[in-house]
Amino acid sequence: MGELLRGKPVADAVMLEVKNSVKELKSKNIKPKLMIVRVGEKNDDISYEKSAVIRMKSCNIECEVTVMPEDINQEDFIVKLKAVNDDESVHGILLLRPLPEQIDENSVKYIIDPQKDIDCFNPINVAKIAEGDRDGFAPCTPTAVMEILKYNNIQLKGKRAAVIGRSMVVGKPAALLLLSEDATVTICHSKTENLEKVAVEADILIAAIGRAGMITGGFVKEGAVVIDVGINVDADGNICGDADTESCREKAGFITPVPGGVGSVTTAVLAKNVLKACRLANNLN
């Protein structure tokens, strides 16, 4: 039976580091600040926003929320986003996505300064991940995956990793981060032929396809590490992941639960990224 890799101890370790660094910065009269930008009243956005605000408060990072109406037009949205970006007191900007359909993400993704773009919306940060430039910001969720692997001393160098999912939010950046740690990475998706056969060869399996319980024990190599990034709602209204946890545990050496796994680390990474952005803005190593 595979061991559960819970997110709380990982998040606690990240937050201890952040709290100590924020204390040091404030002793120099430097106050890290996050601005969350939300468009509309989607429940998922509001839930994540609340979690992020609580997390920032717990480590003494200032946090402000800008809310725009769901029907805002693109021109007005751009004006407001530019105003947030130009605010020198703001070090990190979290724009909750996806945006409403009337706003073209491809037209606005360059507006946020790459040094404030703490969740990797600007393509410049995407390019930095690909280049291995540590000054860039990877998205918080795939970074949380890496934090869990490192905290639990999971060996990546030379290991086979399969990422099931190819989104710019999780799948692709997760693959690049794994590659930067010398893993041999395969990116899979819903159109991959013989997906189960490909997955079962992986030492590290990242489930990020967005389908409740799709990944079963048949996808899992004996003793593999399964990181479940999915957040779904099952037929009974319960939160569940992309992996059928009990089925996968029969073969996996380690697996993250949902809830209580990757998601609980994501806001800790967000705080860490705000801190990093603040240090960059103040030319601190």
- Item | Residues 27, 264, 247, sorted so that the one with the fewest Cβ neighbours within 10 Å comes first | 27, 247, 264
- For segment 10-110: Kirkwood Rh in Å [reciprocal of mean 1/r, alpha carbons]: 14.9
- Task: Pairs to check: 31/80; 31/82; 116/159; 42/197; 8/159. Give those whose C-alpha atoms are more than 31 Å from each other in this structure.
- Result: 116/159; 42/197
- Task: Please determine, in degrees from 0 to 90 and to the nearest 10, the orientation of helix 140-151 with respect to the longest principal axis defined by the Cα atoms of the chain, where the helix direction is its Cα long axis.
- Result: 60
- Task: At 7 Å along the Cα-to-beta-carbon direction for both residue 113 and residue 26, put a label point, then send me their distance in nm to one decimal.
- Result: 2.3
- Note on the structure: Summing -39500 (n - 2.57) over every DSSP H run of at least 4 residues in the chain and dividing by its residue count gives a helix-only mean residue ellipticity at 222 nm, to the nearest 500 deg cm²/dmol, of -12000 deg cm²/dmol
- Message: Between 0 and 90 degrees, rounded to the nearest ten: what's the tilt of helix 74-86 against the longest Cα principal axis of the chain?
- Response: 80
- Task: Could you line up 56, 68 from fewest to most neighbouring Cβ atoms inside 10 Å?
- Result: 68, 56
- Message: At a threshold of 8 angstrom on Cα-Cα distance, excluding pairs fewer than six apart, so keeping six or more, what relative contact order does the chain reach in percent?
- Response: 23
- For segment 30-113, what's the relative contact order in percent, using C-alpha pairs closer than 8 Å and at least 6 residues apart? 43
- Item | Antiparallel bridge percentage (DSSP; both residues within segment 140-262; nearest 5) | 10
- Message: Taking 0.36 nm per residue of sequence separation and subtracting the Cα-Cα distance, how much length would be gained by fully extending the chain between residue 80 and residue 216, in nm to one decimal?
- Response: 44.5 nm
- Could you please state, rounded to a whole Å, how far the C-alpha centre of segment 96-139 is from the C-alpha centre of segment 247-277? 21
- Message: With +1 on the Cβ of every Lys and Arg and -1 on the Cβ of every Asp and Glu, and nothing else charged, how large is the dipole of segment 30-113 about its Cα centre, in debye rounded to the nearest 20?
- Response: 500
- Message: What do you get for the angle between helix 8-26 and the principal long axis of the chain? Use alpha-carbon atoms, 0 to 90 degrees, nearest ten.
- Response: 20
- Item | Calculated percent of Cα pairs over 26 Å apart (choose from [x] 51; [y] 47; [z] 43), label | [z]
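Each value in this text was obtained by applying a stated rule to the coordinates, not by laboratory testing. Everything numeric here is computed off the predicted structure, so don't read it as measured data. Using ideal geometry, Cβ is built from the backbone for each residue, glycine included, and neighbour counts are taken over all protein chains shown.
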